[in-house]
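Worksheet: one structure, shown below.
All of the numbers you see were taken from the coordinates with simple rules; none came from a lab. None of the values given here were measured: they were computed from a predicted structure. Heads up, the Cβs are rebuilt from the backbone with ideal geometry, glycines too, and the neighbour counts pull from every protein chain shown.
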């Protein structure tokens, strides 16, 4: 029988989420299990077995597994990668440590900068030089490189990043040095900046190349173990990997360029929001994904997440831009806006409650898990407030303790501050909501958007618990909670197309562009992308190509991404490019561009396969009551606990409506609706929550 199942798997800091879909019927099953931090592949196997058991299907029926992971991020943060050296142009050994002139905090005299992956004693220089146009000023001396190989061997180097000045215009020197080093240092992994990120800006390019080769061995080993787990289960499924940009790629691409996977898990959450938004006629959304470790937000515009070409990892200060290692790669633009369910609450030296950045993760977990954790977390506070049912956590498969949560909050928060346990729990819950709302508001303003105009899409295990209050603080009047919101990122994996993105830096003023050169660059990138898709089995007629360019006003420091029309470009079409720039500029800054020349730094291409068809249908549940009963839940509008109806998510049907306050439970997450909310179930089983001014009067 032809395999009919597709699987999406997301490994988070606390839970591993899975969705399994039958492509013939659209029926889907979800599974959630604690992440096994020591070997994430073990948690994947458990989730997969759980999903197959629910579906009543053998592993042989799986035809594709799409996977995202935080493995790369964690390896960089924890510095668990290979012993890595940098080989660079003479005179530029310290550029990766000098970094930018910009200080991310002007007034902190003890400011800490992120430590480069390659320490100074493992940064080596080669006496070569290319000019800005790619021409050779000083050629490579092979004898010098051979001597360098011996120094690298004596240093015990396991990985090498090669990054020469202006190699994005001419990769010949990097390739020549790599060939010599590879011959003399077998088994040592080598990454070239011209292959990893062929773009201008030495610091960012060097940092990205170092990160890529630093984690390469770890990612290769992990993907090999994952493939082996599938084989041992009896599956011959194709394993595909989610990219930070929202596309998916083959294992071979992931092995060569693991740095492109850094935001792969969170990116899938944004794709899930975009998918549901298109499905429900809401092309513009604010995606809010809160899991066990972090909460992230992303603006969805016209059915697509916003894309950035640079982000940071391993920040010294979690929310301070500029305090982390820059990674120059296409990524869905996600902003970390707060803590997750497992983030630890504590009292700082000023007697104020702080949430995070430390997280209890899956081991030892929040205090209520009973797995060894003793410190209070956001999940503990939600449990004390009555938002979570201790007997129905993960559908009742995992018992949690309200008493343990109360004890931790009382000891660490309530007693030091002279509060009751209830006051301390609400303070934790409210503070994390305020932090997330504030960060989301700033994120929208930075993009020239009014967040109040965007419905809030809530996903993740903790997202639906906090969405109502976050929306209220933001002035948002509509919340969208999809079915299986607790494994929302996994849905995004199945909605992503195979895609590859490419970039070439070729600086030019718009009125002086050599269009023959640019047309050749675009053809080269498009041909490479089409070949990769063809090797992955995508028919040529189903390939789509999107062109963009990084443009700015003459002399500016940063660029904006502008769509570039297809076909042959030339002087006669420069006006089209200018108008595209003016449209993006006006949309972002709400003003017309000044009358100064335009310059273009880099040219980009996204080559993608067709958008997968995804129609999800839930298995028919046993017939039951939509109301499971009621329990006391804390709402400040009532001055304390209030008897609140609890609904069974699996019994709700399209057309159902009811007022808040209410609790709606499913196995992987819980939706909390406040007194001003009104809930309606749409035709796709999404919960649409509208916040009114009066709504939901207290009930006896």
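Descriptive notes on the structure:
- Fewest-first sequence of 446, 665 by Cβ atoms within 10 Å of each Cβ: 446, 665
- Calculated SAXS-style log₁₀ I(q)/I(0) at q = 0.18, 0.21 Å⁻¹ - the stretch 82-214, Debye, Cα scatterers: -0.93, -1.24
- Each peptide in 186-192, 95-101 gets a packing score, the mean of other Cβ atoms within 10 Å over its residues, and the list from highest to lowest is 186-192, 95-101.
- Convex hull volume of the C-alpha atoms in the stretch 387-444, normalised per residue: 107 Å³.
- Ratio of Rg to Rh for the stretch 151-216: 0.96 [Cα atoms; Kirkwood radius as inverse mean 1/r over pairs].
- Over the Cα atoms of the stretch 171-266, the radius of gyration divided by the Kirkwood radius equals 1.03; this is the Rg/Rh ratio.
- Residue order, fewest to most surrounding Cβ atoms within 10 angstrom, among 102, 166, 684: 102, 684, 166
- Relative packing of peptides 387-398, 264-275 - highest average C-beta neighbours within 10 Å first: 264-275, 387-398
- One quarter of the convex hull surface built on the alpha carbon atoms of the chain amounts to 31.9 nm², the projected area averaged over directions.
- Convex hull of alpha carbon positions in the stretch 502-605: directionally averaged projected area 7.0 nm².
- For the stretch 267-359, the C-alpha radius of gyration divided by 2.2 N^0.38 Å, with N the number of residues, is 1.25.
- Per-residue [θ]222 nm for the chain (sum of -39500 (n - 2.57) over DSSP H runs n ≥ 4, rounded to 500): -9000 deg cm²/dmol
- What the Kirkwood sum gives for the stretch 447-533 is a hydrodynamic radius of 17.3 Å, with every pair of different alpha carbons counted.
- The separation of the stretch 190-237 from the stretch 600-668, counted between C-alpha centres, amounts to 36 Å.
- Whole-number D in µm²/s for the stretch 316-419 (Stokes-Einstein; Kirkwood sum over Cα pairs; 37 °C, 0.692 mPa s): 217 µm²/s
- Acute angle (nearest 10 degrees) that the helix 463-474 long axis makes with the longest principal axis of the chain, alpha-carbon atoms: 80 degrees
- Taking other Cβ atoms within 10 Å as a rough exposure proxy, 67, 173 sort from fewest to most as 173, 67.
- Of the peptides 347-358, 218-229, the order by per-residue mean of other Cβ atoms within 10 Å, starting with the highest, comes out as 218-229, 347-358.
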